[in-house]
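Accompanying notes for the structure given below.
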Amino acid sequence: MKKILVAIAILFSTTLMAQDVKPTFEKQGDLIKGTFFHDNGEIRQQGFYNKEGKLHGEWKSYNVTGKKIAMGQYDNGVKTGKWFFWSADKLSEVNYTNNRIADVTTWSNKDNVVVNYDN
């Protein structure tokens with residue numbers, strides 16, 4: 001019984017120590033900018049909503065260390081155009097048409113590709 005109580009106490013204290021990082025929303029013109037965070041406080045996703053509450057405009061996603069891992073565009077809640085996804089050694093370009101993947105091109109570190117990777 002004591003082992004169970006100790007395990008519950010450890011689990012409860014670990015849960016209390018995790019940060020409760022709430023998203024932020026700010027009005028920018030006709031759009032609302034939403035920023036969502038990882039538990040460590042780093043930005044997880046950032047982008048815009050239109051008046052109807054649909055995803056609209058540029059959206060970016062970041063890993064827990066703050067490195068950009070995805071970037072693309074929404075048009076009234078629909079993924080559109082070129083999206084980019086970065087991983088450790090690859091860059092994938094995904095083209096969307098009518099919210100569906102039209103084609104995918106992937107490059108590795110071995111390819112000679114210049115891509116702006118700024119946050």
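The values are calculated or read from the model by the stated rules, or taken from the named source; none is laboratory data. Keep in mind that this is a model prediction, so the values were computed, not measured. To get the accessible areas, we keep the full protein, side chains included, count just its heavy atoms, and leave off ligands, DNA and RNA. Shrake-Rupley method; radii C 1.70, N 1.55, O 1.52, S 1.80 Å.
Restricting attention to the range 79-102, the residues that are of a type in the set (A, V, I, L, M), closer than 27 Å to G53 by Cα and open to solvent by 80 Å² or more (accessible area, probe 1.4 Å) total 1. Taking the range 67-107 as the range and being of a type in the set (D, E) and closer than 26 Å to F37 by Cα as the test, the residues that pass are D75, D89, E93. Within the range 66-78, count every residue that is open to solvent by less than 50 Å² (accessible area, probe 1.4 Å), of a type outside the set (S, T, Y) and under 14 Å from the mean Cα position of the chain (by Cα). Selection size over the range 66-78: 5.
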